[in-house]
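Shown next, in structure tokens, is the structure this report addresses.
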Amino acid sequence: MVTLSDLKRSPKLAELRVSYKSRTKVSARKNVRRARDVVEYLREVWDKDTLELSEHFVIVCLNGSHQAIGWVRISSGGFTQTAVDPRLVFAVALQTASSAIVLAHNHPSSSLEPSSEDIELTKRLRDAGKLLNIQVLDHIILTKESHASLAELGLM
């Protein structure tokens with residue numbers, strides 16, 4: 001049991017804050033109907049200088065009409081991987097009241113082939129989203145020249 005005096009003595013808890021201010025010019029409320037729509041949106045917001053340098057994992061948050069309400073970089077890693085914590089993914093989705101999300105990460109190697117880890121993470125996040133009634137629509141792999149959609153590949 002926690003008492004009021006315990007709360008007064010405890011350190012402050014970390015807080016996740018999502019800002020709705022954008023540092024980039026992005027299409028306002030872009031409709032996301034196909035993988036191509038997501039890729040267009042991602043190419044507007046992604047730092048092009050890091051596409052071939054290090055791996056990043058982002059989510060695109062969508063409202064009930066599948067309009068992009070924003071994007072958040074969940075993690076940054078090295079040349080071949082980045083760690084993704086499902087709790088952070090869905091903390092952002094819940095805080096933004098997202099009805100659906102699209103997962104995305106880049107492959108600095110320019111390979112469009114999803115790894116077994118990519119596929120497993122996608123399935124774990126899709127299943128977690130079902131519990132929270134947040135649909136995971138797709139997982140996009142982005143390279144400098146192209147993209148791959150796990151939904152279009154039948155890997156969702």
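Values in this text are rule-based calculations from the coordinates and carry no lab data. For clarity, every value in this text was computed on a predicted model and none was experimentally measured. Positions of Cβ are generated from backbone atoms using ideal geometry, with glycine treated the same way; all protein chains shown enter the neighbour counts.
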The long-range amide H neighbours of Val84, using H built 1.01 Å from N in the peptide plane and a cut-off of under 5 Å, are none
Calculate the FRET efficiency for Leu132 and Glu44 from the Cβ-Cβ distance with a Förster distance of 25 Å, rounded to the nearest 0.05.
0.35
Per 0.36 nm of contour for each residue apart, how much would the distance between Gln95 and Thr80 grow if the chain were fully extended, relative to their Cα-Cα spacing?
2.4 nm
Qualifying trypsin sites (Lys or Arg not before Pro) for segment 89-156 [loop in DSSP, other Cβ within 10 Å: at most 16]
Lys144
Just want to confirm a number: the relative contact order over segment 62-105, from Cα pairs under 8 angstrom separated by 6+ residues, in percent.
48 percent
Using a ≥ b ≥ c from the Cα gyration tensor of segment 44-156 (square roots of the eigenvalues), is it rounded, prolate or oblate, where a/c under 1.5 gives rounded and otherwise the larger of a/b and b/c decides, a/b for prolate?
prolate
